[in-house]
1. Give me the Kirkwood hydrodynamic radius of the chain in Å, from all C-alpha pairs, to one decimal place?
2. Of 70, 81, 129, which is farthest towards the positive pole of region 31-141's charge dipole, taken about the Cα centre with +1 and -1 on the beta-carbons of Lys, Arg and Asp, Glu respectively?
3. Please compute the modelled spin-label separation between residue 131 and residue 110, points set 7 Å along Cα→Cβ, answer in nm with one decimal.
4. As a footprinting exposure proxy, order 209, 51 by other Cβ within 10 Å, with the fewest listed first.
5. Identify the trypsin sites (Lys or Arg not before Pro) of region 58-166 meeting these criteria: DSSP loop state and at most 14 other C-beta atoms within 10 Å of the C-beta.
6. Run the helix sum for the chain: -39,500 (n - 2.57) per DSSP H stretch of 4+ residues, divided by residue count, reported at 222 nm to the nearest 500 deg cm²/dmol.
7. If you find the alpha carbon centre of region 193-217 and of region 31-99, how far apart are they in angstrom?
8. Apply the Karplus parameterisation 6.51 cos²θ - 1.76 cosθ + 1.60, with θ equal to phi minus 60°, to every residue of region 92-103 and state each ³J(HN,Hα) to the nearest whole Hz, in sequence, with x for glycine and proline.
Amino acid sequence: MSFQENARIDSVRDKRIVIIGASYGIGLATAELLSRSGAELILANRNVEKLQEIAKDLPVKTSAYRLDITVEEEVKTFFETIGGFDHLVVPAAGAALGTLAESPTETTRALVDSKFWGQYFAVKYGTRHIAKDGSITLFSGTVTQKPISGLSAYAAVGSAIEAAARVWALEYAPIRINTVVPGIINTPLWEGLVGKEGAAAQLEQTASLLPVGRVGTPVDVAKTVTFLIDNGFVNGATVVVDGGHRLV
Ligand SMILES: NC(=O)c1ccc[n+]([C@@H]2O[C@H](COP(=O)([O-])OP(=O)(O)OC[C@H]3O[C@@H](n4cnc5c(N)ncnc54)[C@H](OP(=O)(O)O)[C@@H]3O)[C@@H](O)[C@H]2O)c1
């Protein structure tokens, strides 16, 4: 465990932090990291039973909500239900892989629904209840920086989120709004896309290409999220966490 994972981040103690998409991967690692600093956590995604299990293991007050981020009315009601809070993190997204020629249009549309419209709804309705000195952390992906065949849907959605987030940071000032750009991170996303063996092969092949010699962990990205929450002078930023993937 590294220094930052052990460190207590004083600025989040007793703050209410909402994470939409916390049952797996980056969202779960972020919840675990923030819980060590004494933040109150409000977790939401479709599988609420999984969130209830996670809540039992976390050492801080944690509540779990069932939420489909693609449904505008559900997102609005969710924020009305939880009331005021301090920070919002939105790693919720579906998955899509395939070239334009081979991908069914519905696959791309589903990614747009969860990753673009989901984050859009979260900002639109979350900002009605967030503290003025709060922050919102959104997610794109490294394919916005480096073209990778088969990931055009992610490129399009991620670029839209990065660009919109910079405008939203102006519109909702002084609330800070930043975008994290993860590289290839070892989360359940990959097994869902290409199966267990396919994921292992894909991650191993990517690791061999990367300057750092490994793919990312959910904690690598969670540390960046906690930095963005903690540092009150980072705003409208697009922060790449990719082990140097865009360089090779
Ligand atoms: N892993 C990578 O290599 C990588 C690379 C670049 C960018 N990213 C981005 O980083 C973010 C997190 O990725 P991850 O790998 O941690 O993902 P993950 O392991 O697949 O987890 C996704 C989370 O989103 C939730 N979710 C999915 N659809 C939802 C919906 N309609 N409503 C509410 N919640 C929903 C899931 O919970 P439920 O299924 O229970 O709803 C789950 O908690 C995503 O934006 C992803 O695109 C990841």
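Any read-out appearing in this document is the output of simple, stated calculations on the displayed coordinates, not a laboratory observation. All values derive from a computational prediction rather than experimental measurement. For neighbour counting, all protein chains shown are included, and Cβ atoms are generated from backbone atoms with ideal geometry for every residue, glycine included.
1. For the chain, the Kirkwood estimate is 18.1 Å.
2. Farthest towards the positive end: 129.
3. 3.8 nm
4. Listing 209, 51 from fewest to most nearby Cβ atoms yields 209, 51.
5. Hits after loop and neighbour filter: 61, 128.
6. The helix contribution divided over the chain gives -13500 deg cm²/dmol.
7. Comparing the Cα centres of region 193-217 and region 31-99, I get a distance of 27 Å.
8. Once θ is set to phi - 60°, the couplings for region 92-103 become 4, 5, x, 9, 8, 9, x, 5, 4, 5, 9, 8 Hz.
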